[in-house]
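Only one structure is covered here, and it is reproduced in the block below.
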Amino acid sequence: MNRPPSVRSSGGLEDKPRPGPPAVAGRSMAGNPGAPSIVCCAYVDQVRAEQAAQALRIWARAQRGLRAAPVAVVARKLSGGSTYEPLRIVRPRRGLVVGLLIGLVLFGLPAAGAAGLVGWAFGSIVFGLFGLIGVVSGNQVGTMVVGLSLLLALLAVIIVGGFGLVIGAAIGALVGVIDSLARGFSGSERTRLSSGLAPGAAAVVTRTSVAAAGLVEQELARLGGRPMVLADTSIPREPTDAGTKIAPTT
């Protein structure tokens, strides 16, 4: 490094060098290393892509510092259409189905149990009295009590369980929409990914940081993938001053 010019005092003694302006260190990487980046590798078919996606998800869980998530498989059909299968993301359709089941269990089963108990108690009293006065045969009292209990339980499942199905489906679909929008890939991103694939091929795609993108791409390549360059999905990088020359100080 060039030393700043020395200044001599009037007494002939050499003063200490005057410090110049601090030098600006160039960045090791253009842009923000923590910014999100999309990594995508193509595979010959969807089966191999799904296997690689599962392996990448397990590898990413062991390398939590890379934050490679979510992991998804985008495939292009021979007919020209495309499929999108994200891992560990609740999609609206799946959320709706899961919500239906949860709503049925949380609303229908307790209602059925309560209605069956009420039917058994009411039937035992009423049909027991009918049996005593001879309206019905004593051998049929037990069967009629069980039948009444089952009928009331079925009505409770239909009425209350149907209400639970509607609530569960609405909540599940809403959770799926929010999760897909928050963590999944958008429709335009999926379109660009599938358009770069040959018919019958598939790709594993994930989102990670710019600093970790190289490691994730190497892992997908080790799993048999071929890196894809998607200019449209690249993240804009901040301007860098690494190549700017510093003017000499005087």
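The rows are residues; the columns are (1) exposed (fewer than 13 other Cβ atoms within 10 Å of the Cβ); (2) without any contact (Cβ under 8 Å) to a residue 40 or more places away in the chain; (3) within 55 Å of the chain's Cα centre (by Cα).
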| position | (1), (2), (3) |
| --- | --- |
| G108 | no, no, yes |
| A111 | no, no, yes |
| G123 | no, yes, yes |
| G128 | no, yes, no |
| L132 | yes, yes, no |
| G142 | no, yes, yes |
| G147 | no, yes, yes |
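Set side by side, the residues V166, V204 differ, and just one is touching a Gly at 6+ places or on another chain (Cβ under 8 Å), modelled with pLDDT of 85 or more and in a helix (DSSP H, G or I), which is V166. Residue under question is G164, and the condition is that it be closer than 23 Å to Q54 by Cα, assigned by TED's automatic domain parsing to the domain that holds P110 and in contact (Cβ under 8 Å) with a residue 12 or more places away in the chain; does it hold? So G164 does not fit the description; no. Note on segment 220-233: residues that are in a helix (DSSP H, G or I), touching a strand residue (DSSP E or B) at 6+ places or on another chain (Cβ under 9 Å) and at pLDDT 90 or above total 2. Checking the structure you have, find out if any residue of segment 171-188 is surrounded by fewer than 16 Cβ atoms within 10 Å (Cβ to Cβ), among the charged types (D, E, K, R) and in a helix (DSSP H, G or I). Yes; the residues of segment 171-188 include at least one that is surrounded by fewer than 16 Cβ atoms within 10 Å (Cβ to Cβ), among the charged types (D, E, K, R) and in a helix (DSSP H, G or I).
The values are calculated or read from the model by the stated rules, or taken from the named source; none is laboratory data. Note that the coordinates shown come from a computational prediction; the quantities given were computed from them, not determined experimentally. A quick note on method: Cβ atoms are made from the backbone with ideal geometry, for glycine too, and the neighbour counts reach across all protein chains shown.
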